[in-house]
Amino acid sequence: MKSSATKIFGILTAGGDCPGLNAAIRGVCRPAYDRYGMTIVGIANGYRGLIDEDARILRPEDFSGILTRGGTILGASREKPFKRTAGDDEVSGDKVKAIKDNYRKLGLDCLVVLGGNGTNTTAYLLAQEGLNVVGLPKTIDNDIVGTDRTFGFHSALAIATEAIDRLHSTAESHKRVMVIEIMGHKVGWLALYAGVAGGGDVILLPEIPYDIKAIARHLNERAESGRTFSIVVVAEGAVSTEEEKMDKKERKKYRDQFPSVGYRVAREIEGETGLETRCTVLGYVQRGGIPSASDRVLATSLGTAAADLLARGEYGRMAALQGSEITSVDLGVPAGKIKPVPRDHYMIDTAVAVGTCMGQPQP
Ligand code: F6P
């Protein structure tokens with residue numbers, strides 16, 4: 001058995017789930033147990049389980065046979081212990097205190113958290129409070145600063161791309177415009193990649209406010225040139241140029257007119273072009289089911305890197321992919337940030353080069 005600075009650690013999965021969480025749990029636990037002889041405490045339902053002391057020792061049989069399973073064997077929640085509640089100026093001290101107390105009660109040397117921006121921000125704040133924490137970057141949104149990719153993204157991309165492929169044939173049969181709304185929270189990574197992979201004719205990202213007239217012109221030109229159908233890929237966070245100028249209250253009123261942005265875009269397209277248009281909101285299927293091979297590899301590699309951080313006692317860090325290297329960054333790097341698609345990202349240029357309209361206003 002190799003020596004290890006960490007003898008016992010807790011592990012939890014927080015925020016929205018994604019494919020690859022179980023692969024990452026296995027990636028951390030296998031070497032932690034087999035190579036370093038650490039004791040592993042599985043914490044249920046994200047930070048909620050640490051507040052409630054809902055935890056149990058994980059044995060090898062718990063993290064065996066889970067590589068390909070979707071979801072998370074630990075359960076997840078969106079509990080944010082530092083979040084201020086409405087009308088309360090103070091950070092929710094009770095929850096943070098409960099976490100710190102239970103961390104000590106369970107005798108943990110470190111806490112391993114698998115999560116997105118919110119989770120890694122909480123991890124950073126807990127590290128500031130004196131806990132040893134190691135983070136792993138998961139999310140289908142791919143929006144975590146400090147890592148080139150998050151696990152979950154590749155699986156969601158495969159699902160979204162297949163959905164676009166399937167919409168193509170029905171769009172063609174019925175000569176329709178098909179709008180597909182893709183997840184991604186406030187960023188457009190998933191919509192951009194799925195849109196390019198699926199050959200979207202229009203791709204709308206939160207990073208590029210769209211002008212409905214520019215979209216209508218593009219779709220009309222396609223129709224006039226004999227292309228009888230079109231695919232419009234819309235990120236769930238997409239905003240129009242009008243909306244961009246609105247204050248919070250006006251924006252809410254504008255948004256509440258439709259169940260989601262995809263429906264609004266579909267209605268606007270029909271209104272501007274007269275082309276028959278349908279909307280599909282892909283939703284949670286993007287987060288469900290087995291991880292792709294690429295996500296299994298990434299999640300496993302990040303997990304084993306986290307186990308090595310534990311063994312070396314390198315706390316306050318998040319395992320990360322940078323270029324082709326698995327490395328780690330200080331938890332302060334992702335904390336409190338999101339990573340939008342840069343306007344000069346090569347994938348935007350790639351999309352435009354193959355004739356995709358990104359919805360920008362035309363001069
Ligand atoms: O962060 C992952 C994600 O699926 C986003 O793409 C989406 O906006 C959000 O979670 C949905 O959150 P919830 O699970 O709370 O409905």
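The values are calculated or read from the model by the stated rules, or taken from the named source; none is laboratory data. All values derive from a computational prediction rather than experimental measurement. Backbone-built Cβ (ideal geometry, glycine too); neighbour counts: all protein chains shown. The area values use the complete protein model at the heavy-atom level, side chains included, leaving out ligands, DNA and RNA. Shrake-Rupley method; radii C 1.70, N 1.55, O 1.52, S 1.80 Å.
Annotations
- Net charge dipole, the stretch 226-363: roughly 340 debye, given to the nearest 20, about the Cα centre with Cβ charges of +1 for Lys and Arg and -1 for Asp and Glu.
- 3J(HN,Hα) along the stretch 112-119, derived from phi through the Karplus expression 6.51 cos²θ - 1.76 cosθ + 1.60 where θ = phi - 60°, amounts to 9, 10, 9, x, x, 4, x, 5 Hz, with x in place of Gly and Pro.
- Only protein atoms count toward the accessible area here, which uses a 1.4 Å probe; on the chain, the carbon and sulfur part of that area reaches 49 percent.
- The amide H of T280, built 1.01 Å from its N in the peptide plane, has V179, I180, E181 as neighbours under 5 Å, considering only residues 5 or more places off or on other chains.
- Rounded to the nearest Hz, the phi-derived 3J(HN,Hα) couplings of the stretch 78-84 under the Karplus curve 6.51 cos²θ - 1.76 cosθ + 1.60 (θ = phi - 60°) are 9, 4, 10, x, 8, 5, 6, where x marks glycine and proline.
- Sequence of D62, D94 when ordered by accessible area, the most exposed leading, probe 1.4 angstrom: D94, D62
- Charge tally around A32: other residues with Cβ under 11 Å, Lys/Arg +1 each, Asp/Glu -1 each, net +3.
- For the stretch 180-333, with +1 on Lys and Arg beta carbons and -1 on Asp and Glu, the positive-most of P206, A216, G288 along the dipole: G288
- Remark: the stretch 33-49, residue by residue, has Karplus-estimated 3J(HN,Hα) of 7, 6, 8, 10, x, 7, 8, 10, 10, x, 9, 7, 6, x, 5, 4, x Hz, where x stands for each Gly or Pro and the curve is 6.51 cos²θ - 1.76 cosθ + 1.60 at θ = phi - 60°.
- The stretch 1-42 - accessible surface per residue (Å², probe 1.4 Å): 30 Å²
- Scanning residues 5 or more positions from D54 or on other chains, those with amide H under 5 Å from its amide H are A44, with H placed 1.01 Å from N in the peptide plane.
- Highest mean first, the peptides 176-183, 343-350 sorted by other C-beta atoms within 10 Å per residue fall in the order 176-183, 343-350.
- Entry note, the chain: the mean residue ellipticity at 222 nm calculated from DSSP H runs of n ≥ 4, each adding -39500 (n - 2.57), is -12000 deg cm²/dmol after division by the residues and rounding to the nearest 500.
- A Gaussian network model of the chain, with springs between Cα atoms under 10 Å, assigns the largest mean-square fluctuation among G316, G146, G93 to G93.
- Taking Cβ atoms as reference points and 11 Å as the exclusive limit, the residues near S4 contribute a net charge of +2, counting Lys and Arg as +1 and Asp and Glu as -1.
- Solvent-accessible area of S294 with every protein chain in place, 1.4 Å probe, in Å² to the nearest 10: 40 Å²
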